[in-house]
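The structure appears below as structure tokens.
The values are calculated or read from the model by the stated rules, or taken from the named source; none is laboratory data. Here the structure is a predicted model, which means the values were calculated and not measured. We place every Cβ from the backbone using ideal geometry, glycine too, and count neighbours over all the protein chains shown. Only protein heavy atoms, including side chains, enter the accessible area calculation; ligands, DNA and RNA are left aside. Shrake-Rupley method; radii C 1.70, N 1.55, O 1.52, S 1.80 Å.
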Amino acid sequence: MNVIVVNGYEEMSDRAFAIMKDIVVKNPAAVLGLATGSTPIGLYRRMVADHAAAGTSYRAVRTVNLDEYAGLAPDHEQSYAYFMRTNLFDGIDILPENTHIENGIAEDAAAECARYNELLETLRQDIQVLGIGSNGHIAFNEPGTPFDMTTHVVDLTESTIRDNARLFAREEDVPRRAFTMGPKNIMNAARILILANGANKARAVYGLVRGEVTPSLPASILQHHPDCTLICDRAAAALLSDEKGVS
Ligand code: F6R
């Protein structure tokens, strides 16, 4: 794993943006695997600003998102579909039909998971952007998720519900279930870019980089990915005491 330690959130976002822009410039029809949450917002802001200033085009780009809350329609303000539109898609020239995310209100959840897995077979991510949960989750793959799982519906853990409650009016409004790509869909990406900032991510980052590869810390599977880059700030890197392999 290539580990890049930076001073803070803005520098993390700058470095992530440089990687994403390079991919889109070199391959205007790239498949970008995207994440929601607080972590990639700075990256998305830079993509929007750069599209306006430099005209980088996303007209042929395709995107696949990691996850979506079960029970929330795409126009629900807390849905991840809405998050992606307001934080990125509305600010660039991507075609809505080229953006993909699980349908949170699918009537047949198993059929929706199968549909998404088939889609991911045809749209292999050239790069997959990830955040990391304080419990080491990636996407909504909570501790204990077998590494060979593909898209599925999960019951969110109490810690994830608490972490996400800040975005809802009341904790009881946070959906209890979600659709998520599985570790296997994530590992299938040609390249992984995982971002982490803040002291509350330090234990998870330690497990990601130095811990045992175990489903108890889902992100640890990324140690087996041939092209994985972690960009994290000093607070998130605090437990990576020896600087070997860390730039
Ligand atoms: C989001 C996702 C989650 C987040 C993680 C970190 O699509 O899949 O795994 O990346 O929960 O969330 P933030 O960035 O809000 O700390």
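Considering only the range 1-153, what is the antiparallel percent among its DSSP beta bridges, to the nearest 5? Mind showing how you got there, number by number?
Numbers: 1 of 9 bridges.
Roughly 10 percent of the beta bridges in the range 1-153 run antiparallel, per DSSP.
Roughly how many percent of the accessible protein surface of the chain is carbon and sulfur, given a 1.4 Å probe and a whole-percent answer?
Solvent-exposed carbon and sulfur of the chain make up 50 percent of the total.
Could you grab the relative contact order for the range 1-93? Cα pairs under 8 Å, six or more apart, rounded to a whole percent.
Relative CO of the range 1-93 lands at 30 percent.
What is the range 44-196's relative contact order, in percent, from Cα pairs under 8 angstrom and six or more apart in sequence?
Details: 244 pairs, mean separation 41.8, N = 153.
So the answer I get is 27 percent.
At q = 0.07, 0.10, 0.11 Å⁻¹, what is the base-10 log of I(q)/I(0) for the chain according to the Debye formula with one equal point scatterer per Cα and no solvent? Please give it to two decimals.
Taking Cα atoms of the chain as identical point scatterers yields -0.21, -0.43, -0.53.
Once every DSSP H run of n ≥ 4 in the chain is given -39500 (n - 2.57) and the sum is divided by its residues, what mean residue ellipticity at 222 nm do you get, rounded to the nearest 500 deg cm²/dmol?
Details: 7 runs with 74 residues, N = 247.
Value at 222 nm, helices only, nearest 500: -9000 deg cm²/dmol.
Measuring from centroid to centroid over Cα atoms, what is the spacing of the range 172-203 and the range 47-78 in Å?
So the separation of the two Cα centres works out to 17 Å.
Cα atoms only: what Rg and Dmax, in Å, come out for the range 102-247?
Computed over the Cα atoms of the range 102-247, radius of gyration and Dmax are 15.6, 50 Å.
What is the distance in Å between the Cα centroid of the range 90-121 and that of the range 6-29?
Each part's Cα centre sits 24 Å from the other's.
Provide the gained length on full extension for the span ALA52 to SER38, in nm with one decimal, where the gain is 0.36 nm per separating residue minus the Cα-Cα distance.
Net length gain for the segment: 2.8 nm.
Once the other residues with Cβ under 15 Å from the Cβ of THR122 are scored (Lys, Arg +1; Asp, Glu -1), what is the net sum?
Residues close to THR122 contribute a combined charge of -1.
Springs between alpha-carbon pairs under 10 angstrom, Gaussian network model over the chain: which of PHE140, PHE89, PHE168 fluctuates most?
With Cα springs under 10 Å in the chain, the top fluctuation among PHE140, PHE89, PHE168 is at PHE168.
Could you list the square roots of 5 times each eigenvalue of the Cα gyration tensor of the range 1-142, that is, the equivalent ellipsoid semi-axes, sorted largest first and rounded to whole Å? Each step should come with its number before you reach the end.
Working: eigenvalues 116, 67, 45 Å².
Taking √(5λ) for each eigenvalue gives 24, 18, 15 Å, largest first.
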